[in-house]
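*Asks:* Input: one structure, supplied below.
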Amino acid sequence: MSLYTGFVIALIIAAGFVALTITASMLVGPKRYNRAKLDSYECGIEPTPQPAGGGRFPVKYYLTAMLFIVFDIEIVFLYPWAVSFDQMGVFALVEMVLFIVTVFVAYFYILRRGGLEWD
């Protein structure tokens, strides 16, 4: 049990800090709510009413999310590979080339669908 003592102490300190900051923000923070503060914020323009189901989003939002996920996954796999490249040999090089080819297929799909054209 003594192995976990430091972890438990750090967890208690973190929980105490969270409780302290939430309580302090409720006590010290301003409490002047009006209609404008309670409305949703849309970059300084007047909020537009939304349909009951939330409305439809353009496909570009999803393409941008796909682009982020594709490149995020690419970095997650490329970084450890680059760190230990000297120890892995030719097999790892071939596997990484195949991986990058599949990433470029996704990239060209997004490029073809107009995901990189910002209006």
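*Asks:* Please go through region 69-85 and pick out each residue that is loosely packed, with under 12 Cβ neighbours inside 10 Å and among the β-branched types (Val, Ile, Thr). Reasoning before the result, please.
*Replies:* Start the filter on region 69-85 by keeping residues that are loosely packed, with under 12 Cβ neighbours inside 10 Å, which leaves 69, 72, 75-76, 79-80, 82-84.
Within region 69-85, Ile69, Ile75, Val76, Val83 meet the criteria.
*Asks:* Same structure, new question: Kindly indicate the residue of region 35-68 that is modelled with pLDDT under 75 and under 12 Å from Ile110 (Cα atoms) and also surrounded by the most Cβ atoms within 10 Å (Cβ to Cβ) among those meeting that condition.
*Replies:* Leu63
*Asks:* Any idea how many residues of region 19-31 are exposed (fewer than 10 other Cβ atoms within 10 Å of the Cβ) and of a type outside the set (Gly, Ala, Ser)? Reasoning before the result, please.
*Replies:* Looking only at region 19-31, we keep the residues that are exposed (fewer than 10 other Cβ atoms within 10 Å of the Cβ), and these are 25-31.
From what's left, of a type outside the set (Gly, Ala, Ser): 26-28, 30-31.
Adding up the residues that qualify gives 5.
*Asks:* Out of region 86-119, which residues are part of a helix (DSSP H, G or I), surrounded by 13 or more Cβ atoms within 10 Å (Cβ to Cβ), in contact with a helix residue (DSSP H, G or I) (Cβ under 9 Å, 6 or more places away or on another chain) and of a type outside the set (Val, Ile, Thr)?
*Replies:* Across region 86-119, the qualifying residues are Ala92, Glu95, Met96, Phe99, Ala106, Tyr107, Tyr109, Arg113.
The values are calculated or read from the model by the stated rules, or taken from the named source; none is laboratory data. Bear in mind that the values here come from a model prediction, so they are computed numbers and not experimental data. Using ideal geometry, Cβ is built from the backbone for each residue, glycine included, and neighbour counts are taken over all protein chains shown.
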